Amino acid sequence: MTQVISHPAWVLSHVINIDERVAGFCGTFLRGNTSAERRQVIAAYLAAKPLAEDRLYEIGRFLFSADHRSILVEAHGRSIAGMRGALRRAGPTVHDERFYTLLHQLLSSPPHKQIARTIASLQSLDLPKLLILRMLPECLARAHIVEVIDSLGDNPVRQAHDVTEAYNLLIELEVDGAALTEAIRRVRSSDEFANLWHRWALKAKCCVPHPVPSAAQYQPIESAAEAKVVARKFRNCMAIRYTLGLLRGIDFFATYRHNDEEAVVHLRRQEDVTEFEGMYGPRNARPSVSLRCELESFLAQNGIRVRSQEHEKHSPWNSLRRMMRGPFDFDLG
């Protein structure tokens, strides 16, 4: 059974116009025995050259008889290294017109040298892969990384944007850039890729200094790695649930010790004000009243806003909120 291939309207319009001057051109272009490479080469020509009405016959006869190299040279004014090989791997179906213009742009005026090598290494080519490749920094522009990002979801272009943004952000947060690059290059599956970003976020440093200075009884947590250590000690989910807030400078954590009791302190920045959000002991146990009082006094002396529960407005909603606090809630006042 002959496979039916549907081509986009832009190329069909050009082919039909040429067929009106050169009989049989449309049938030859669409026929299954026409090689996929020749169809892609003709499509690249049609995407690159304006088709003047008075030259359609000449163009049709040229595309009928010329070899692939000659067609591409005529389309682009010169031979573009890697173009024919890329079109050979572009499949049997004509792509969106932008695919051909972007492919020409990336090969003729690449933003960096790795582009051509990566295009040559991709087993198949389409527009999303070219868009992904264009977004990646040179150190990540590798064929297998493009393939992994392309497999991540319905919007691989957005995924490529996120990869680039996340990579640059982690570098700004002082992770080892060379080691991060190497880790990303070793990824071979979408599952590995997802796990990688959480693992490396835990190596980052906070971008905003802790708002309370260190003291004998008060030890700020300055990085996601420190948060992970403290979370293990206190057996809670702080390192997972609040990693991004900690790195962004929205959430702040510290340990506070008084007598023989120790707890984790959670502060939160709201606009320009940093508030005491809560404190918790091992396994999220409720700290003693004396420890809380000592901590609140210490924080108030250091410019942290402390909301007193006694002055909280009485409301059945507040009662319900307090009753609904789960085992992972930091606001345990």
query: Suppose every K and R has +1 on its Cβ and every D and E has -1 on its Cβ; what is the size of the dipole of the chain about the Cα centre, in Debye to the nearest 20?
result: 760
message: Based on alpha-carbon centroids, what's the gap between the range 99-126 and the range 38-91 in Å, whole number please?
response: 17
- prompt: In the range 210-288, what trypsin sites (Lys or Arg not before Pro) fall in a loop by DSSP, with at most 16 other Cβ atoms inside 10 Å?
  reply: Arg235
message: Relative to 2.2 N^0.38 Å, what does the C-alpha radius of gyration of the range 130-204 come to as a ratio? Two decimals please.
response: 1.00
task: Taking the convex hull of the Cα atoms, report for the range 218-324 its projected area averaged over all directions, in nm².
output: 7.3
task: Could you check how much of the accessible area of the chain is carbon and sulfur, as a whole percent, using a 1.4 Å probe?
output: 51
- prompt: Magnitude of the Cβ-charge dipole of the range 18-95, K/R +1 and D/E -1, about the Cα centre, nearest 20 debye?
  reply: 380
query: Do any trypsin sites (Lys or Arg not before Pro) in the range 160-196 lie in a loop, going by DSSP, with at most 12 other beta-carbon atoms within 10 Å of their beta carbon, and if so which?
result: Arg188
query: For the chain, how big is Rg over Rh, using alpha carbon atoms and the Kirkwood form of Rh?
result: 1.23
query: Say R0 is 51 Å: what FRET efficiency, to the nearest 0.05, do Asp54 and Thr181 get from their beta-carbon distance?
result: 0.40
- prompt: Once phi is turned into ³J(HN,Hα) by the Karplus curve 6.51 cos²θ - 1.76 cosθ + 1.60 with θ = phi - 60°, what whole-Hz value does each residue of the range 206-213 show in order, with x for glycine and proline?
  reply: 5, 8, 10, x, 4, x, 10, x
field: Rg and Dmax [Cα atoms of the range 59-213; Å; Rg one decimal, Dmax integer]
entry: 19.4, 80
task: Return the distance in nm (one decimal) between the two label points of a simple spin-label model at Phe64 and Glu138, each offset 7 Å from Cα along Cα→Cβ.
output: 4.8
- prompt: Taking the Cβ-Cβ separation of Ser151 and Ala225 as r and a Förster radius of 22 Å, what is the calculated FRET efficiency to the nearest 0.05?
  reply: 0.15
task: Identify all lysines with a Cα-Cα distance to Lys228 below 19 Å; exclude those on the same chain that are fewer than 8 residues away in sequence.
output: Lys203, Lys205
task: Set the Förster radius R0 to 41 Å, insert the Cβ-Cβ distance between Ile171 and Arg232 as r into 1/(1 + (r/R0)^6), and round the FRET efficiency to 0.05.
output: 0.95
- prompt: What span do the alpha-carbon atoms of the range 1-111 cover on each of the three principal axes, reported in whole Å from largest to smallest?
  reply: 41, 38, 23
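The values are calculated or read from the model by the stated rules, or taken from the named source; none is laboratory data. This is a predicted model, so every value here is computed, not measured. Quick reminder, even Gly has a Cβ in these numbers, built from the backbone with ideal geometry, and neighbours come from all protein chains shown. These accessible areas exclude ligands, DNA and RNA; they are computed on the full protein's heavy atoms, side chains included. Shrake-Rupley method; radii C 1.70, N 1.55, O 1.52, S 1.80 Å.
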